[in-house]
Each structure stands twice: as C-alpha cells, then as structure tokens.
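The values are calculated or read from the model by the stated rules, or taken from the named source; none is laboratory data. Not measured: the values here are computed from a predicted model. Note: ideal-geometry Cβ built from the backbone for every residue, glycine included; neighbour counts use all protein chains shown. Ligands, DNA and RNA are stripped out before the accessible areas are found, and what is left, the full protein with its side chains, is counted by its heavy atoms. Shrake-Rupley method; radii C 1.70, N 1.55, O 1.52, S 1.80 Å.
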Amino acid sequence: MSRTGALLLVAAATVAGSAIGGGRALELRRIDSGGQVRFYRLHVPPGYQPGAPAAVLLGFHGGGGNATGFADSTGLLETADAHGFLAVFPEGSGPFAPPLFTLQTWNAGNCCGYAMDHQVDDVGFVRDLLDDLARDYAIDLNRIYATGLSNGGMISYRLAVELGDRIAAAAPVAAALGVDAAPARPIPLLVFHGALDTNVPWQGGVGSGLSGTDFKSQAESLAPFLEVNQAQPAPAPLETIGSAQLYVAEAEATGADIHYWWLLDQGHSWPGKPAQLDPSELFNTDIDTNERIWAFFSAHPRRRIAAPVGSGCGGGADPPALSSDLPVLGQPIELRGSGVELGARGELFLSEAPATPVEIAPGCTAYIDLNGAVSLSSLQADSAGRWSIVLPILYDLDLDGVELRIQAVFYVQGAPGFELSNGLQLRLGL
C-alpha cells in the first residue's frame with residue numbers, strides 16, 4: 001500500500017464516533033465558524049447528568065497533530081471520567097480537507113503554519129464551539145478551562161488573553177505567549193515547561209522545530225499575567241518533587257494565582273507521557289500532570305469582582321461587577337435596583353423600576369453578561385445617562401414547566417460608580 005493510501009485509511013478512522021483510550025468514545029461535531037466548516041471532538045463522561053451543569057476542559061493538540069491523537073496520548077479521557085467534566089478536543093486547520101485531520105495548526109499570533117499564514121480566527125472558533133456545546137449539553141459557564149501542548153498551549157495562552165469572558169483558567173504546556181497583549185481581566189494560569197525543551201526554548205528565540213518562530217521567553221510570556229493578576233512571584237520553589245519544581249505567584253487581591261512547573265528533565269512533550277511525534281523526547285515522570293491540571297482548574301472557577309463605590313470613568317484593566325442569583329420564571333425580564341433604562345427588542349428585554357439613580361459619566365462603556373447566556377454586549381450612555389441594548393441569546397432555552405436559576409452580572413468598564421442593589425429579579429419571556 002502506498003504512503004498516501006495508508007494516510008487516507010488512518011484519517012478515515014478518525015472521522016466519526018471513534019473509540020480510543022480504552023474504548024472511550026469521541027463524538028465528532030461539525031459547526032460553521034467564520035465562514036468555514038470546523039470540527040471538534042467531544043467525550044461525555046459516564047457520570048454526566050443532563051440538566052446538571054458540568055465543567056468543560058478544552059484540550060488543544062500540538063502543531064501537525066489532531067484531536068484524536070492528543071486525547072489518546074495525554075490520558076485526559078481517563079481524567080474526564082474520573083472527575084466528571086466534559087472533555088472537548090477541537091481540530092485545528094490545515095492544507096488538507098477532512099477526513100484528513102493532519103498537519104493541523106492553531107493561529108496563536110506568531111505561530112503556527114497554515115492557521116497563522118491564513119489568519120484563521122481560532123478565538124472565534126472556540127467561542128462558536130462553546131455556543132454549540134451549550135445548545136446540547138448542560139455546561140457550567142463559570143468552569144470552562146483551556147489546556148494544550150506546544151502550538152495547542154500557545155492557543156491556550158491566546159484564549160486566556162482574548163476570551164477571558166468565557167475561559168476561567170488556562171494551562172499551557174511547552175508553549176509561549178504569541179500575542180503582544182495582556183488579558184482584559186485576571187486569568188489564573190498553570191504552566192508546565194521543560195528545561196530541555198529546544199522547540200520552545202525557555203529563554204526565548206528561534207527553536208529547533210519547523211515553525212521558525214522567534215518565541216517569547218517564559219518570563220516574557222508570564223509578565224502580562226503577573227501584572228493584570230496582581231500576582232507576586234516567589235523567589236524559591238514552593239514544592240520540589242524529584243526534578244519537578246513548582247513556583248507559585250499568589251494573587252490575593254484577584255484570586256488569579258499563577259503556578260509554574262519548571263521540569264529539569266523535561267523536553268518538548270506532555271509531562272509523564274512520551275511525545276506523540278517524537279518518542280525519543282525526554283519527559284518528566286515525577287508528577288501527575290493531568291491531576292495537577294484538574295486540581296488547579298477546580299480551585300479556580302471564574303470569579304466575579306465587586307465594584308467599588310465612586311463615580312466617573314477611571315480606566316483599569318478589569319470591569320468591576322456586582323451579581324445576584326436570580327430565578328427564571330418564564331415571564332418577561334424585570335430588572336430592579338439600578339435606575340438605568342435598558343431598552344431592548346425581541347423576546348429578551350429589560351425594564352427598570354425607579355430606584356437610586358446611577359452616576360456614570362457620558363461615554364462610559366458597560367457590559368451585561370447573564371451568566372454566559374448572552375454575549376458580552378457594549379452599550380453607551382448618552383448625555384442624559386440613558387442606555388439601550390439588544391441582547392443576543394447564545395443557545396435555545398426551553399422553559400416549559402422548568403424552573404432555572406441564572407446569575408445576572410453587570411459590568412462597567414472603568415466606571416466604579418455603577419451600583420446595583422441585591423434585590424434584582426430576572427424573568428425570561430418566550
């Protein structure tokens with residue numbers, strides 16, 4: 001059989017309903033995103049209960065790889081079954097159309113390959129993926145996490161910077177930050193990197209891999225997160241296990257801690273597992289990477305930050321927020337406590353009852369996020385303080401005889417004078 005024929009057979013075996021990792025099934029799902037057909041694979045743990053929101057782990061394969069290979073080689077399927085989270089493995093993009101899920105990469109900014117060269121919107125793809133997943137499964141919108149290896153770790157970094165309204169925390173492995181930007185809000189970060197990694201050198205520069213990328217150093221990659229998270233790095237390891245050293249930068253003010261595993265005997269691979277593309281690559285066996293990742297993620301759900309009292313637009317990287325846990329009763333939405341007028345169209349609308357006026361200078365930007373049920377949408381105050389907004393629904397809601405609970409969160413970018421009482425009521429009309 002020719003090499004091409006063998007590749008076709010291997011690719012065809014990964015198309016749909018594949019079973020890997022000891023018979024664990026991966027469902028292939030297809031969506032439209034950014035004018036392209038994109039794919040991701042989903043593993044539902046046996047303990048999943050419809051209607052009970054489950055955490056979501058997004059696992060991104062490395063450059064040249066695919067979702068099935070990454071899921072199988074990392075052991076994350078077993079971890080999903082043990083802890084009950086939905087394991088999602090997106091497929092990157094490449095020069096070959098499916099069913100050839102091969103030579104795929106992610107556009108992480110300055111790397112890599114096809115996705116970078118064609119400026120593929122992988123951040124938009126992940127947003128659309130999460131919307132698609134929420135239509136069919138109950139997901140905990142405050143516990144959506146991203147991890148990945150190499151180029152997959154780089155897209156995890158980028159998601160932490162550019163998709164912080166959806167991603168609670170990230171765990172890049174053998175990667176570097178590929179964009180010149182800082183996260184818009186504090187994002188907890190867990191990083192694994194090997195001292196022997198020549199593909200993505202810890203000191204930065206062009207590595208030994210095929211991408212030819214001039215990578216940021218590990219210090220440069222962490223710097224924007226340390227600043228935004230208000231995290232204070234410790235000068236010495238908090239924990240040492242064999243050749244694995246854990247450095248911790250605690251973020252008492254924001255809760256967005258940064259943990260950094262420095263692995264002295266680790267090359268360019270998933271710690272504890274042989275490299276998928278190069279089995280000769282060295283790897284550390286002193287720590288259980290998957291358990292460490294899940295323990296960190298479990299301790300860092302998406303956090304809301306209370307708004308300080310004040311007035312005017314003062315800048316600042318993270319929008320303050322106030323929230324209340326509100327019942328959804330199948331009636332029109334009603335908002336009490338702010339005095340801000342919110343007009344709307346369609347089935348989803350807000351109306352205000354007179355209360356204490358809100359003091360916000362004209363031109364301040366506010367955001368509304370109904371616990372992820374609607375997109376973050378901006379609204380501008382006019383000179384009289386009147387606002388209007390349309391809130392797009394991200395997924396279909398069937399409230400026939402079902403009582404749900406939802407959290408309403410109100411953000412004001414750089415305007416600490418935005419106040420809400422806790423007596424909010426929210427109702428959704430069909």
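Observations, loosely collected:
- Residues of the stretch 9-52 satisfying the condition of being among the hydroxyl-bearing types (Ser, Thr, Tyr), modelled with pLDDT of 80 or more and in contact with a strand residue (DSSP E or B) (Cβ under 9 Å, 6 or more places away or on another chain): Tyr40, Tyr48
- Checking Gly205 against (1) open to solvent by 10 Å² or more (accessible area, probe 1.4 Å); (2) in contact (Cβ under 8 Å) with a residue 60 or more places away in the chain, the condition it does not meet: (2)
- Given (1) open to solvent by 30 Å² or more (accessible area, probe 1.4 Å); (2) within 15 Å of Gln266 (Cβ to Cβ), number of the condition Ala253 does not satisfy: (2)
- Flag for Phe101 being assigned to a loop (DSSP other than H, G, I, E, B), touching a Phe, Trp or Tyr at 6+ places or on another chain (Cβ under 8 Å) and open to solvent by less than 20 Å² (accessible area, probe 1.4 Å): yes
- Among strands (runs of 3 or more DSSP E) entirely within the stretch 183-254, having at least 3 residues that are farther than 15 Å from Gly153 by Cβ singles out 239-241, 244-250.
- So Asp165, is it in contact (Cβ under 8 Å) with a residue 40 or more places away in the chain, assigned to a strand (DSSP E or B), open to solvent by 20 Å² or more (accessible area, probe 1.4 Å) and not polar (S, T, N, Q): no
- Scanning the stretch 287-298 for any residue that is open to solvent by 60 Å² or more (accessible area, probe 1.4 Å), at pLDDT below 95 and over 19 Å from Val161 (Cα atoms) turns up nothing.
- Considered as a group, the residues in the stretch 208-229 that are open to solvent by 50 Å² or more (accessible area, probe 1.4 Å) and among the hydroxyl-bearing types (Ser, Thr, Tyr) include one that is farthest from Gly64 (Cα to Cα), and that residue is Ser208.
- Scanning the stretch 176-200 for residues that are touching a strand residue (DSSP E or B) at 6+ places or on another chain (Cβ under 7 Å) and either open to solvent by 10 Å² or more (accessible area, probe 1.4 Å) or not β-branched (Val, Ile, Thr) (or both) turns up Ala176, Pro188, Leu189, Leu190, Phe192, His193, Gly194, Ala195.
- Restricting attention to the stretch 243-261 and to residues that are of a type in the set (A, V, I, L, M, F, W, C) and touching a Lys or Arg at 6+ places or on another chain (Cβ under 8 Å), the residue that is nearest to Ala299 (Cα to Cα) turns out to be Ala256.
- Answer from Gln232, Gln266, Gln245 - the residue that is open to solvent by 60 Å² or more (accessible area, probe 1.4 Å) and of a type outside the set (A, V, I, L, M): Gln232
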